[in-house]
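Participant: Sharing a structure below in structure tokens format, with a few things to ask.
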Number of protein chains: 2
Amino acid sequence: MSEIITLDHGSGGEKTSGLVKELVLKYLGNCILDRLEDAALIRAGDQIVFSTDSFVIDPLFFPGGNIGKLCVCGTANDVCMRGGKPYALSLALILEEGFPVADLEKILASIAETARKAGVLIVTGDTKVVEKGKGDGIYINTAGIGLPVLKNLGTEYIREGDAVLVSGTVGDHGAAVMLARNEGLLAGEIRSDCGLLTGLAEELQKLGDAVRIMRDPTRGGLATVMAEFAEDTPFLFELEEDKIPVREDVRSACDILGLDPLYCACEGRLVAVVEGSRAEEAAELLRSREEGRDAAVIGRVVQGAFGRVVLKTAYSSRVLTKLSGMQLPRIC
Amino acid sequence: MSEIITLDHGSGGEKTSGLVKELVLKYLGNCILDRLEDAALIRAGDQIVFSTDSFVIDPLFFPGGNIGKLCVCGTANDVCMRGGKPYALSLALILEEGFPVADLEKILASIAETARKAGVLIVTGDTKVVEKGKGDGIYINTAGIGLPVLKNLGTEYIREGDAVLVSGTVGDHGAAVMLARNEGLLAGEIRSDCGLLTGLAEELQKLGDAVRIMRDPTRGGLATVMAEFAEDTPFLFELEEDKIPVREDVRSACDILGLDPLYCACEGRLVAVVEGSRAEEAAELLRSREEGRDAAVIGRVVQGAFGRVVLKTAYSSRVLTKLSGMQLPRIC
């Protein structure tokens, strides 16, 4: 195995096959992927949950994770949020000529570890190589398949009186990645929340149809997800600023960076709308897991202005809209 | 809608949402995709066929197709080759800042047209934007889901006496793309074979388990696929050079370009190994469709050197191995 990726590795011939066998299968091999066919035949059910994301994060390695961990969490989490239990992933790599094989190996090891934790198998994949200057090290796409546990999820199930919950502090991922990009700034202890939501989703599944909708607030952050939920309903989403968990150091870092933590990407948090009377129970279920220890009820769905989100602060209130323009390019 | 893609279009906020609603849904909208959730709940069966490919072809537009047509054909074909009938695709775009929206629109229109022909819906997707100089216009990943029609496919089903078929002329795609890159050369009438294999796969399904394995010879071409099949068996694959259909102008172009058509990518051809006694029937089935009019039986599986491929020419014979090194970078 050479030390860097060359265009040959994308030829589809001997070199591609060598890269896949020596490196990809070393970390990710299983009885399905080992067949190295162009497609995999896998078990399913009457219905499946299907999701995809490409990951173009910069930098590739950041406090709390790397693109490998992220590409498994991101897609597994999207499947969970649609009520599914993920079990199979595809993995497609776009490598830039000259990319260090040692870095690829670290990324594959993270993918393997995270996939094991998520209980998913990588069952099919693809490897392409582009010339130096036509990529940025590595871009990864994953697509995920899950079996549905909760089917009746969507903004159409949201009712007046429902509660809004978040599973932990917001903005950690955005702040950690922005600090990692600015070497001059003191990163301190801020780590990305990049992580799996499989466990927390399992907890909320216990509430059945009392769960109206779930979403992981990635690009665009909590505020954008709230605005997207609200715009599909005839209700007002009333959030209380002092209930929304934000780490003090994340708040300070965001101040310095000129960011609003409510618009910063999370990569291991979920937002859920649940039946109002089950709000505390939902929060307790989330808090029963380590990754949900900071879960909080942050707002209510009430009668009022059609499809808007209002953030109530100590002295006033402001309307939250979707992120407009770019806050953080290539955050995931 | 602006005329070029900006980093804002990848923010995950208002601009991303605008791009997706105004452009992506305009061409690809359907009752599932229109929900714009991070994952889709779709029907399935006991088992599904699952495949993915990223497309990084250069140039994006070439005689006979473009990256949009290619990204649907490529994944739909992979699902077909594994015995599946494709019905759902994911679509993930990695756009380079500055990419002309008019080009994106042409590509989306091709995706829509090809998906309609293939009978597949785009059910979930993702859009990312990278800075100018970190991509090359557009990279696309698709993942595909199909319901299995033929399940017992694989090199383990190959038997002595089986026949090898190809559904049409080989090397057209590789030659067309290479000519498109070299403006000085006369492209003549050479067009890529980029196209769907859904119809031809349906024909071969009529043979049931007499079909041992199918594959579309993309990167690495016919020779690499043959070498991959053979290496998994204890047999000798004996191909007859004069039976392998190659267009005269493709052969000439390959001569000029220093390429071997047997190693040139096809994007709308299939290779199949079928039970020997059904070979002519299989060829007739393929020829019954316009896209299979040049189908031919090109070889046999015989006792002999363990896992090798031999090409018999008029006066001698040579061993075919997998493509080593790069023949054509970024051919798909």
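Participant: Within segment B:278-289, count every residue that is closer than 28 Å to residue B:65 by Cβ and either crowded, with 22+ Cβ neighbours inside 10 Å or touching a helix residue (DSSP H, G or I) at 6+ places or on another chain (Cβ under 6 Å) (or both).
Facilitator: Count: 4.
Participant: Taking segment A:290-321, which residues are closer than 18 Å to residue A:269 by Cβ, open to solvent by less than 20 Å² (accessible area, probe 1.4 Å) and part of a loop (DSSP other than H, G, I, E, B)?
Facilitator: Within segment A:290-321, just A:295 meets the criteria.
Participant: Please go through segment B:19-31 and pick out each residue that is within 17 Å of residue A:228 (Cα to Cα) and open to solvent by 20 Å² or more (accessible area, probe 1.4 Å).
Facilitator: The answer is B:20, B:21, B:22, B:25.
Participant: Given (1) over 21 Å from residue B:193 (Cα atoms); (2) in contact with a strand residue (DSSP E or B) (Cβ under 9 Å, 6 or more places away or on another chain); (3) not in a helix (DSSP H, G or I), where does residue B:325 come up short, assuming only one miss?
Facilitator: Only one criterion in (1) over 21 Å from residue B:193 (Cα atoms); (2) in contact with a strand residue (DSSP E or B) (Cβ under 9 Å, 6 or more places away or on another chain); (3) not in a helix (DSSP H, G or I) is unmet by residue B:325, namely (2).
Participant: If we scan segment A:201-213, do we find a residue that is among the small types (Gly, Ala, Ser) and away from chain B (no Cβ under 14 Å)?
Facilitator: Yes - at least one qualifying residue is present in segment A:201-213.
Participant: Can you pull out every residue in segment A:129-155 that is within 26 Å of residue B:49 (Cβ to Cβ), of a type in the set (Val, Ile, Thr) and surrounded by fewer than 21 Cβ atoms within 10 Å (Cβ to Cβ)?
Facilitator: A:149
Participant: Determine whether segment B:43-58 contains at least one residue that is within 13 Å of chain A (Cβ to nearest Cβ), part of a helix (DSSP H, G or I) and without any contact (Cβ under 8 Å) to a residue 40 or more places away in the chain.
Facilitator: Checked segment B:43-58: no residue is within 13 Å of chain A (Cβ to nearest Cβ), part of a helix (DSSP H, G or I) and without any contact (Cβ under 8 Å) to a residue 40 or more places away in the chain.
Participant: Among the residues of segment A:140-157, how many are out of contact with any Phe, Trp or Tyr (no Cβ under 7 Å at 6 or more places or on another chain) and either more than 9 Å from chain B (Cβ to nearest Cβ) or not aliphatic (A, V, I, L, M) (or both)?
Facilitator: The total comes to 11.
Participant: Moving to a separate point now. Of the residues B:76, B:143, which single one is of a type in the set (A, V, I, L, M, F, W, C), in contact (Cβ under 8 Å) with a residue 12 or more places away in the chain and part of a helix (DSSP H, G or I)?
Facilitator: Result: B:76 is the single residue among B:76, B:143 that is of a type in the set (A, V, I, L, M, F, W, C), in contact (Cβ under 8 Å) with a residue 12 or more places away in the chain and part of a helix (DSSP H, G or I).
Participant: Moving to a separate point now. Does residue B:253 satisfy the criteria of being open to solvent by less than 40 Å² (accessible area, probe 1.4 Å), modelled with pLDDT under 95 and farther than 24 Å from residue B:157 by Cα?
Facilitator: yes
Participant: While we're here: Please go through segment A:30-42 and pick out each residue that is more than 7 Å from chain B (Cβ to nearest Cβ) and touching a strand residue (DSSP E or B) at 6+ places or on another chain (Cβ under 7 Å).
Facilitator: Selection gives A:30, A:32, A:33.
Participant: Please state which one of A:53, A:38, A:46, A:34 is of a type in the set (D, E, K, R), in contact with an Asp or Glu (Cβ under 7 Å, 6 or more places away or on another chain) and open to solvent by 40 Å² or more (accessible area, probe 1.4 Å).
Facilitator: Just one listed residue meets the conditions, A:38.
Participant: Anything in segment B:274-323 that is more than 20 Å from the chain's Cα centre (by Cα) and of a type in the set (D, E, K, R)? List them, or say none.
Facilitator: B:275, B:278, B:280, B:281, B:284, B:300, B:308, B:312, B:318
Participant: Go through B:54, B:110, B:90 for me and flag whichever is of a type in the set (Ser, Thr, Tyr), out of contact with any helix residue (DSSP H, G or I) (no Cβ under 6 Å at 6 or more places or on another chain), at pLDDT 95 or above and over 16 Å from residue A:145 (Cα atoms).
Facilitator: B:54
Participant: Sticking with this structure for a sec: For segment B:95-136: of the residues being more than 28 Å from residue B:41 (Cβ to Cβ) and part of a strand (DSSP E or B), which is farthest from the other protein chains (Cβ to nearest Cβ)?
Facilitator: B:100
Participant: Please count how many residues of segment A:28-55 are within 19 Å of the chain's Cα centre (by Cα) and charged (D, E, K, R).
Facilitator: Count: 1.
Participant: Return the only residue of A:65, A:119, A:168, A:144 being within 20 Å of the chain's Cα centre (by Cα), at pLDDT 95 or above and in the same structural domain as residue A:191 (by TED's automatic domain parsing). Give the derivation first.
Facilitator: Numbers: A:65 fails: in the same structural domain as residue A:191 (by TED's automatic domain parsing); A:119 fails: in the same structural domain as residue A:191 (by TED's automatic domain parsing); A:144 fails: in the same structural domain as residue A:191 (by TED's automatic domain parsing).
That would be A:168, the only listed residue that is within 20 Å of the chain's Cα centre (by Cα), at pLDDT 95 or above and in the same structural domain as residue A:191 (by TED's automatic domain parsing).
Participant: Also, quick follow-up: Test of understanding: among A:26, A:15, which residue is of a type outside the set (Gly, Ala, Ser) and within 21 Å of residue B:320 (Cβ to Cβ)? I'd like the intermediate steps shown before the answer.
Facilitator: Numbers: A:26 fails: within 21 Å of residue B:320 (Cβ to Cβ).
Matching residue, one of A:26, A:15: A:15.
Participant: Continuing with this model, one more query. Evaluate the following for residue B:66: is it out of contact with any helix residue (DSSP H, G or I) (no Cβ under 8 Å at 6 or more places or on another chain) and more than 9 Å from chain A (Cβ to nearest Cβ)?
Facilitator: So residue B:66 does not fit the description; no.
Participant: Is it the case, given these coordinates, that residue B:318 is of a type in the set (Lys, Arg) and closer than 22 Å to residue B:77 by Cα?
Facilitator: Considered against the rule, which asks whether it is of a type in the set (Lys, Arg) and closer than 22 Å to residue B:77 by Cα, residue B:318 comes out as no.
Participant: Next question. Testing residue B:326 on (1) within 19 Å of the chain's Cα centre (by Cα); (2) modelled with pLDDT of 95 or more; (3) surrounded by 19 or more Cβ atoms within 10 Å (Cβ to Cβ), one condition comes back false. Which one is that?
Facilitator: In the conditions (1) within 19 Å of the chain's Cα centre (by Cα); (2) modelled with pLDDT of 95 or more; (3) surrounded by 19 or more Cβ atoms within 10 Å (Cβ to Cβ), residue B:326 misses (2) alone.
Participant: Continuing with this model, one more query. Search segment A:155-214 for residues being assigned to a helix (DSSP H, G or I) and of a type in the set (Ser, Thr, Tyr), and hand back the single one that is nearest to residue A:294 (Cα to Cα).
Facilitator: So the residue we want is A:198.
Participant: Which residues, counting only those in segment B:79-94, are more than 9 Å from every other protein chain (Cβ to nearest Cβ) and open to solvent by 10 Å² or more (accessible area, probe 1.4 Å)?
Facilitator: Hits for segment B:79-94 are B:85, B:87.
Participant: Still on this model: Which residue pairs have Cβ atoms under 7 Å apart, sit 6 or more places apart or on different chains, and have a first residue in segment B:11-29 that is more than 12 Å from every other protein chain (Cβ to nearest Cβ) and a second that is assigned to a helix (DSSP H, G or I) and of a type outside the set (A, V, I, L, M)?
Facilitator: B:19/B:9; B:23/B:105; B:25/B:34
The values are calculated or read from the model by the stated rules, or taken from the named source; none is laboratory data. Given the structure is predicted, the values throughout are model-derived calculations rather than measurements. Counting neighbours? That spans all protein chains shown, and the Cβs are built from the backbone with ideal geometry, glycine included. Heads up: the accessible areas ignore ligands, DNA and RNA and are worked out on the full protein's heavy atoms, side chains in. Shrake-Rupley method; radii C 1.70, N 1.55, O 1.52, S 1.80 Å.
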